[in-house]
C-alpha cells in the first residue's frame, strides 16, 4: 500500500511539472490592490507562469454593474457610458465593441472568472475610470489617486554591528518589534501604501540573514531574520523621519562603549574652525558618495549615465581602500536610489566618518572640452548670514564644513598632485563652490568631477575598466597618504 501511495504522489508531481502547475503557499497567494480609501486583498492564482486575479471580487469592490451570462459564456461589465465584454479562453476583450488584445487569455474556473494583471490597465480602467499602476515582480497594484511612499533600503557591515538604512520618499513612523525567540526583528511601517524599490534585500552577513518586505495583510513591514550572535537591535530616525538606521549589535554596549547609534543629521560641530587640525591621522571611517541616482541620471552620453559610472567608481574605490587601509568604507548608496545632498552628508555624519569623497563626472556643452575639477566648499559661504562679532558659539548645519576647511583643502591638494602625475593630459584644478553635499559634512570633504561626459573620447575612456582601475587606485593612494598611519599591516 505504501508503494502505491508513493507512486501515486510521484505521478501527480510529474503531471504538475508537465502542466506547469506552480503550487503557492497561502501567504504567497495574497495580492493587494490599494485604492484611495480602501485596500482589497485577493487570492491570486499562478497559471502557466501568469498571475491571475478573481475578477468578480474586484468588480464588486468598485461597485460596478456586471452580468455573468452562463449560457453565452460571457462576462459583461457596465460603466457609466461604456461596456466591457470578456469570453473565457480568449485574449481578446471587447470595449464598446472594439477589440483589445491582452498578453494572456481570460479564464473561467469553477464559476470564477480569472483575469491576468494587464486586464486591469487595458480593460477595467476604461469602464471604471480608475488608473491601475503595477510594478512587475511585485504583489500589489496602486489604483487611482492613492498616495504611495517610496522606500529604499541597504545594509552594510560596520565592524561589530550591521546597519540597515531605510530611506522613505516622505516622512513615516517606524515601530521596532523584537522577536528574540524567533531570531527576528519586525519593522512596522506606519504608512498605508508603501512602494518598495526591492521586495527583498540582497544582503547577508554574520548578523543579518535576510531582509524581506511584506504587506500581505495590508500592514507594510520589514521582516529581518537575525543570527544567534545578535544581542541588541536599535532604531534611530533622522532627516525628519525620512531616514531610519537599524543597528544589529553583537553585544549590548556598556557605558564605556562608544555609541553606535547615529548622531542627529544636524548635529552641531565644534564651535570654531581649527586650521591646525591634523589632516588625516586616525582615519577610521571613509564615506564614498556616488553622485546622482534614481530619477537623477546626471550627465549622459549615448546611453552612458553619470549615475551608473559614479556607482561603478564608488564600488571600485571601496574595494581598493578595503585592501589598503584598516578603515571602514561606507557607500552613501549601493544601488540606483535618489538621495538629497543633506541625506548624503547625513550618512557620513551619522557614521562618524573621518572623510567624505563625492564622485561625479563633468559635463560641458562644448563637446571638445575635457576639464576635470576637485571641489572644496566655498570658504566664505555663510548661507546668507553675516558673521557675528566674536564668532559663533555654534555653527548652523549648513556651515559645518568650516570646522574642517583646512583639512579639506589639504586633501584636495594631495589628490590633485596624485591625479596630475598618474593621468598626464588630464587637468584637475581645485575649485570652490557652495555644494550641498559638502556644506553640512562634519569631516574633511571634497567632490571629484572627472572629465566631460559630453566629450565622446572622455566618455569612452571613463567606461573602460582599465581607466577606472587606474583612477580609483590613484584616489585610494591619495587618501592613504592623507590617512597617514591608518595603513593595513
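Looking across segment 34-49, the residues that are surrounded by fewer than 16 Cβ atoms within 10 Å (Cβ to Cβ) and closer than 14 Å to residue 115 by Cα come down to 43, 46, 48, 49. Restricting segment 105-116 to residues that are outside any strand (DSSP E or B) and at pLDDT below 95 leaves a set whose member that is surrounded by the fewest Cβ atoms within 10 Å (Cβ to Cβ) is 110.
Between 225, 216, 237, the distinction of being outside any strand (DSSP E or B), in contact with a strand residue (DSSP E or B) (Cβ under 8 Å, 6 or more places away or on another chain) and touching a residue at least 40 places away in the same chain (Cβ under 8 Å) belongs to 216 only.
Quick one: in segment 335-351, which of the residues that are closer than 19 Å to residue 157 by Cα and not in a helix (DSSP H, G or I) is modelled with the highest pLDDT? Restricting to residues being closer than 19 Å to residue 157 by Cα and not in a helix (DSSP H, G or I), the top hit is 335. Report yes if residue 381 is in contact with a helix residue (DSSP H, G or I) (Cβ under 8 Å, 6 or more places away or on another chain) and modelled with pLDDT of 90 or more, otherwise no. Against the criterion (in contact with a helix residue (DSSP H, G or I) (Cβ under 8 Å, 6 or more places away or on another chain) and modelled with pLDDT of 90 or more), residue 381 does not qualify.
Quick grid of which residues meet (1) within 22 Å of residue 350 (Cβ to Cβ); (2) modelled with pLDDT of 85 or more; (3) touching a helix residue (DSSP H, G or I) at 6+ places or on another chain (Cβ under 8 Å):
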{"position": "151", "(1), (2), (3)": "yes, yes, no"}
{"position": "158", "(1), (2), (3)": "yes, no, no"}
{"position": "161", "(1), (2), (3)": "yes, no, no"}
{"position": "174", "(1), (2), (3)": "yes, yes, no"}
{"position": "177", "(1), (2), (3)": "no, yes, no"}
{"position": "187", "(1), (2), (3)": "yes, yes, no"}
{"position": "195", "(1), (2), (3)": "no, yes, no"}
{"position": "202", "(1), (2), (3)": "no, no, no"}
{"position": "210", "(1), (2), (3)": "no, yes, no"}
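To keep it simple, each residue is scored yes or no on (1) at pLDDT below 95; (2) closer than 15 Å to residue 108 by Cβ; (3) within 36 Å of the chain's Cα centre (by Cα).
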site	(1), (2), (3)
39	yes, no, yes
44	yes, no, yes
54	no, yes, yes
57	no, yes, yes
70	yes, yes, no
77	no, yes, no
81	yes, no, no
84	no, no, no
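Filter the strands (runs of 3 or more DSSP E) completely within segment 152-200 down to those with at least 1 residues that are over 17 Å from the mean Cα position of the chain (by Cα) and without any contact (Cβ under 8 Å) to a residue 60 or more places away in the chain.
On the way: elements: 161-168, 173-179, 184-190, 194-196.
Fully inside segment 152-200 and qualifying: 173-179, 184-190.
Among the residues of segment 292-319, which ones are in a strand (DSSP E or B), closer than 14 Å to residue 338 by Cβ and in contact (Cβ under 8 Å) with a residue 24 or more places away in the chain? Outline the logic, then answer.
Taking segment 292-319 first, the residues in a strand (DSSP E or B) are 293, 296, 300-301, 304-305.
Those still in the list that are closer than 14 Å to residue 338 by Cβ too: 293, 296, 305.
Passing the criteria: 293, 296.
Screening the candidates 366, 338, 334 for the property of being touching a residue at least 12 places away in the same chain (Cβ under 8 Å), out of contact with any helix residue (DSSP H, G or I) (no Cβ under 7 Å at 6 or more places or on another chain) and farther than 30 Å from residue 236 by Cβ yields one hit, 366. Under 27 Å from residue 285 (Cα atoms), at pLDDT 85 or above and either surrounded by 17 or more Cβ atoms within 10 Å (Cβ to Cβ) or not assigned by TED's automatic domain parsing to the domain that holds residue 245 (or both): does that describe residue 364? Judged against the criteria, residue 364 is not a match. Could you tell me which residue of segment 214-228 is modelled with the lowest pLDDT, considering only residues that are surrounded by fewer than 15 Cβ atoms within 10 Å (Cβ to Cβ) and farther than 13 Å from residue 181 by Cα? If we take residues in segment 214-228 being surrounded by fewer than 15 Cβ atoms within 10 Å (Cβ to Cβ) and farther than 13 Å from residue 181 by Cα, then 217 is modelled with the lowest pLDDT.
Of the residues making up segment 122-137, those that are at pLDDT 90 or above and out of contact with any strand residue (DSSP E or B) (no Cβ under 6 Å at 6 or more places or on another chain) number 4.
If the condition is being in a strand (DSSP E or B), without any contact (Cβ under 8 Å) to a residue 60 or more places away in the chain and over 14 Å from residue 32 (Cβ atoms), then segment 126-151 contributes 149, 150. Of the listed requirements (1) in the same structural domain as residue 285 (by TED's automatic domain parsing); (2) modelled with pLDDT under 95; (3) farther than 21 Å from residue 300 by Cα, residue 388 misses just one: (1).
Residue by residue, here is whether (1) surrounded by fewer than 23 Cβ atoms within 10 Å (Cβ to Cβ); (2) farther than 19 Å from residue 299 by Cα; (3) touching a residue at least 40 places away in the same chain (Cβ under 8 Å); (4) outside the structural domain of residue 352 (by TED's automatic domain parsing) holds:
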{"site": "416", "(1), (2), (3), (4)": "yes, yes, yes, no"}
{"site": "420", "(1), (2), (3), (4)": "yes, yes, no, no"}
{"site": "445", "(1), (2), (3), (4)": "no, yes, yes, no"}
{"site": "453", "(1), (2), (3), (4)": "no, no, yes, no"}
{"site": "458", "(1), (2), (3), (4)": "no, no, yes, no"}
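A count restricted to segment 67-104 and to residues that are touching a helix residue (DSSP H, G or I) at 6+ places or on another chain (Cβ under 6 Å) and part of a strand (DSSP E or B) stands at 5.
The values are calculated or read from the model by the stated rules, or taken from the named source; none is laboratory data. No experiment lies behind these values; they were computed from the predicted model shown. With ideal geometry, Cβ positions are generated from the backbone for all residues, glycine too; neighbour counts draw on all protein chains shown.
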